[in-house]
């Protein structure tokens, strides 16, 4: 078994890495011989290296009769690869203190690797095998299918999960975004080893790849690593899946009657694209209304003053093919009507009256002050570097971001509020047994 000192070292470094001076994070662009590009933050303090990567085309690209394909692939890549069975592969990860995981979202398929430098050769060997030569043996496939099927059944009884699944069906009907990322009991049965193998062969390619790396590794070492891990991938994606652009549909108010002790309320409306010139203004505006801090208006009015909900918040959700403004809260069935009334009132008030200098300062202070807290580990930095590239933010984004936030003024916020916080475009889904509101 791996030396416990190394395990403790990884744990400790992940807890203590918080850079108060983001400008100290110098980012270098590294290009390998085979044409793979990565952003690197070189950190010599600890013997740890983290690699994050992402391929475009997640669950939204799954065939309609094989929903859950991306999810299954993400759970099976580390269940055996090359000459290593599932047990052998997992044992090598554990014995060398290597953390490797994969994930599928609506728009992407991603992976994360963290290792101590002493075991980096073994780590990149296993990662390379996982993305180029996964085995997809029968036993792991059956086990993972059962795992997802159980999750689907259990989550149907979760108010939050059910509400989130239903809202996407309502706002994105007849679109891949409205389908289940986990698939269904029926579509999972349609997924075979051939489907999984083709998924890897057609989705994983260099032109479809983004890489971020953080830790104790030089640009020269990273260039070699990139070729060893990704160098054998095809240059171009073979996937022919096409996802159309869509705006969230307005559906009024829908009640899904479920015998839950509380009701879950989700409000949806069109949001703002991540590459919109007003993205940061919208981010600040949303924080003022419902961004999650206790100074947000929705939190003040619905939780602090009325005590109707423990938590309430709104967020901008930018997807590749759609943009969503999402607000959610949970409340007693008897309090649903009042909660929705207050939420509507706050939206209308915000659009008519806008914000103030004091509110804007509080929002900017929170957003800029909490920014360093995202850089809590080598792994978190590597993931952020992937996001920076995915959104085409530029190599200086980490140091420039707070300056952009601080430059925003009241007039800019009030202008964007009038544009996107339109209560007439607000749809409501209620899941539970609300009193006084009919299905």
Can you tell me which residue among 269, 328, 335 is surrounded by 16 or more Cβ atoms within 10 Å (Cβ to Cβ), out of contact with any helix residue (DSSP H, G or I) (no Cβ under 8 Å at 6 or more places or on another chain) and not in a loop (DSSP other than H, G, I, E, B)? 335
What residue, of 416, 342, 381, is modelled with pLDDT of 95 or more and in contact with a strand residue (DSSP E or B) (Cβ under 6 Å, 6 or more places away or on another chain)? 381
I'd like the full set of residues that are out of contact with any strand residue (DSSP E or B) (no Cβ under 6 Å at 6 or more places or on another chain) and in contact (Cβ under 8 Å) with a residue 24 or more places away in the chain, limited to region 420-432. 420, 421, 422, 423
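Yes/no matrix, rows are residues, columns are (1) outside the structural domain of residue 386 (by TED's automatic domain parsing); (2) surrounded by fewer than 19 Cβ atoms within 10 Å (Cβ to Cβ); (3) in contact (Cβ under 8 Å) with a residue 24 or more places away in the chain; (4) part of a loop (DSSP other than H, G, I, E, B):
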| site | (1), (2), (3), (4) |
| --- | --- |
| 207 | yes, yes, yes, no |
| 211 | yes, no, yes, no |
| 243 | yes, yes, yes, yes |
| 265 | no, no, yes, no |
| 277 | no, yes, no, yes |
| 287 | no, no, yes, no |
For residue 403, are the conditions met, namely being modelled with pLDDT of 95 or more, over 26 Å from the mean Cα position of the chain (by Cα) and assigned to a helix (DSSP H, G or I)? no
Just for region 195-205: of the residues that are touching a residue at least 40 places away in the same chain (Cβ under 8 Å) and either surrounded by 16 or more Cβ atoms within 10 Å (Cβ to Cβ) or not assigned by TED's automatic domain parsing to the domain that holds residue 65 (or both), which one is farthest from residue 74 (Cα to Cα)? 205
Could you check region 381-418 and list, in sequence order, the residues that are touching a residue at least 24 places away in the same chain (Cβ under 8 Å), buried (at least 17 other Cβ atoms within 10 Å of the Cβ) and touching a helix residue (DSSP H, G or I) at 6+ places or on another chain (Cβ under 6 Å)? 388, 398, 402, 405, 408, 412, 413, 416, 417
Subset tally (residues that are touching a helix residue (DSSP H, G or I) at 6+ places or on another chain (Cβ under 7 Å) and under 25 Å from residue 394 (Cβ atoms)) for region 218-228: 1
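Report yes if some residue within region 220-231 is in contact with a strand residue (DSSP E or B) (Cβ under 7 Å, 6 or more places away or on another chain), modelled with pLDDT of 95 or more and assigned to a loop (DSSP other than H, G, I, E, B); otherwise report no.
Within region 220-231, not a single residue is in contact with a strand residue (DSSP E or B) (Cβ under 7 Å, 6 or more places away or on another chain), modelled with pLDDT of 95 or more and assigned to a loop (DSSP other than H, G, I, E, B).
The values are calculated or read from the model by the stated rules, or taken from the named source; none is laboratory data. From a predicted model like this one, the values you see are computed outputs, not experimental measurements. Note that each Cβ is placed from the backbone with ideal geometry, even for glycine, and that neighbours are counted across all protein chains shown.
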